[in-house]
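Laboratory data are not the source of any read-out in this text; all were calculated from the coordinates shown. Everything numeric here is computed off the predicted structure, so don't read it as measured data. Here the Cβ positions follow ideal geometry from the backbone for every residue, glycine too, while neighbour counts run over all protein chains shown.
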Amino acid sequence: MSPWSVQPRTDGPGDEDLRMIPRWSMILATVLFIAMQYVFHVVMPHHKHELLPLRIMMGYAWGTLVASYALMLGYVSRDAKRRGMPVGMWMLVCVVGTGGIGAVVYFMLRQPILSRCPNCSTEIAAGDHFCSQCQFQMSPVCGLCHRGVKITDVFCTQCGHDLAEDNAPARLRVYSDQ
């Protein structure tokens, strides 16, 4: 393979969350960071040169704080839309809730991400094992205790039941020696 060839993109575990931040939020965060540097280095009086390290530190600290707030607003705008929540209301709560209180309230009260049942297209919560309308099995569960298991488990981690004995649908069967 040539060193000039394009390598496949390997995304880390948090890259999907970073893609949730819209471009307008990144641009706003950059502008606000630069504006805070302008405020601390040009607008504020700086007659004593021995305070330069303090001005630099405060400019970076406040710039980072304000830029992080802008990035958080962008994330909330996309996340609320993804979860089917009213975006305008939650953006207002985050902007009006000073000191990040609005964001804390949002993250405490946000709805779970919904997915669609492949059988009947009903919206269901991501953690549900069965569809509430058609009983379509969405994820593997133990046949004895009915708790969720991994698709690669041979035995239930909660009760020790042999999962190979269950009559799971073919798409959810575990790997076994059979």
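Label separation (Asp153 vs Arg55): 6.2 nm, computed from points 7 Å beyond Cα along the C-beta direction.
For the range 116-150, trypsin sites (Lys or Arg not before Pro) meeting the loop criterion (DSSP other than H, G, I, E, B) and having at most 13 other Cβ atoms within 10 Å: Arg147, Lys150. Per-residue Karplus couplings for the range 27-33, computed as 6.51 cos²θ - 1.76 cosθ + 1.60 with θ equal to phi - 60°, are listed in order as 5, 4, 4, 5, 5, 5, 4 Hz, Gly and Pro entered as x. What is the range 16-111's relative contact order, in percent, from Cα pairs under 8 angstrom and six or more apart in sequence? For the range 16-111, the relative contact order is 29 percent. Here the label points at Ser68 and Val95, each 7 Å from Cα along the C-beta direction, are separated by 2.2 nm in the simple model.
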